[in-house]
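Heads up: the structure comes next, in structure tokens.
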């Protein structure tokens, strides 16, 4: 089966597309090997091209064989086809019609609105499928910029779970943000052009 879920999404400056094995060098160089980028994440910085190839091999096979797999390469069009980060569904609760979104982008592209734009694109797409009622994301409170990305996309802060996860910094709290389909449709004019 060819998974139709990770469809290509496009804005004026971004392209969200499926990863390919050819993206491994860019993944390693642009974000995955940077300990500052992965500082508050729960996966370690990649140490070799093989680390990036391993994760891409898993994702590429899941595109073809798994329904409901969502993982996009974030490509800034002016950079050509080279990915500068990733965004995707990291957890899904089908009974609750809910997904958790995770994202990561290279330091060179921080503070340019790229991650917010990508999250808006993914949010629009996921709600448009009619399969989901709740989209949530979380971050380590020591990384407030990630929460700002969520707020820019209309997600509401719902609370902090104390010592509920482990990141590359050790046991950590989790700040949770979410947007419901009814919120999204009510505020499209405000957050989504």
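Structure data summary
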read-out	value
Unmet criterion (only one of (1) within 26 Å of residue 12 (Cβ to Cβ); (2) surrounded by 12 or more Cβ atoms within 10 Å (Cβ to Cβ); (3) within 18 Å of the chain's Cα centre (by Cα); (4) touching a residue at least 12 places away in the same chain (Cβ under 8 Å)) for residue 112	(4)
Residue 184 more than 15 Å from the chain's Cα centre (by Cα), under 24 Å from residue 17 (Cβ atoms) and surrounded by 13 or more Cβ atoms within 10 Å (Cβ to Cβ)	yes
Which numbered condition residue 30 fails, given (1) touching a strand residue (DSSP E or B) at 6+ places or on another chain (Cβ under 9 Å); (2) farther than 18 Å from residue 152 by Cβ; (3) buried (at least 20 other Cβ atoms within 10 Å of the Cβ); (4) without any contact (Cβ under 8 Å) to a residue 40 or more places away in the chain	(4)
Single unsatisfied condition, residue 163 versus (1) in contact with a strand residue (DSSP E or B) (Cβ under 6 Å, 6 or more places away or on another chain); (2) under 18 Å from residue 41 (Cα atoms); (3) not in a strand (DSSP E or B)	(3)
Odd one out for residue 36 among (1) assigned to a helix (DSSP H, G or I); (2) out of contact with any strand residue (DSSP E or B) (no Cβ under 9 Å at 6 or more places or on another chain); (3) closer than 22 Å to residue 137 by Cα	(1)
Residue that is surrounded by fewer than 18 Cβ atoms within 10 Å (Cβ to Cβ), closer than 19 Å to residue 17 by Cβ and touching a strand residue (DSSP E or B) at 6+ places or on another chain (Cβ under 6 Å), where the choices are 75, 90	90
Qualifying residue in segment 46-55 (condition: closer than 26 Å to residue 123 by Cβ, surrounded by 15 or more Cβ atoms within 10 Å (Cβ to Cβ) and at pLDDT 95 or above)	yes
Qualifying residue in segment 46-63 (condition: closer than 29 Å to residue 164 by Cβ and assigned to a loop (DSSP other than H, G, I, E, B))	yes
Residue count for segment 93-109, restricted to those that are without any contact (Cβ under 8 Å) to a residue 60 or more places away in the chain, touching a strand residue (DSSP E or B) at 6+ places or on another chain (Cβ under 8 Å) and either part of a loop (DSSP other than H, G, I, E, B) or surrounded by fewer than 12 Cβ atoms within 10 Å (Cβ to Cβ) (or both)	2
Candidates 67, 58, filtered to the one that is farther than 15 Å from residue 114 by Cα, at pLDDT below 95 and surrounded by fewer than 18 Cβ atoms within 10 Å (Cβ to Cβ)	67
Selection from segment 147-180 of residues that are crowded, with 16+ Cβ neighbours inside 10 Å and in contact with a helix residue (DSSP H, G or I) (Cβ under 8 Å, 6 or more places away or on another chain)	149, 150, 153, 154, 175, 177, 179
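Per-residue answers, yes or no, for (1) without any contact (Cβ under 8 Å) to a residue 40 or more places away in the chain; (2) in contact with a helix residue (DSSP H, G or I) (Cβ under 7 Å, 6 or more places away or on another chain):
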site: 18; (1), (2): no, yes
site: 24; (1), (2): yes, yes
site: 41; (1), (2): no, no
site: 44; (1), (2): no, no
site: 62; (1), (2): no, no
site: 67; (1), (2): no, no
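The values are calculated or read from the model by the stated rules, or taken from the named source; none is laboratory data. Just so it is clear, the model here is predicted, and its values are computed rather than measured. Please note: Cβ atoms are built from the backbone with ideal geometry, for glycine as well, and neighbour counts cover all protein chains shown.
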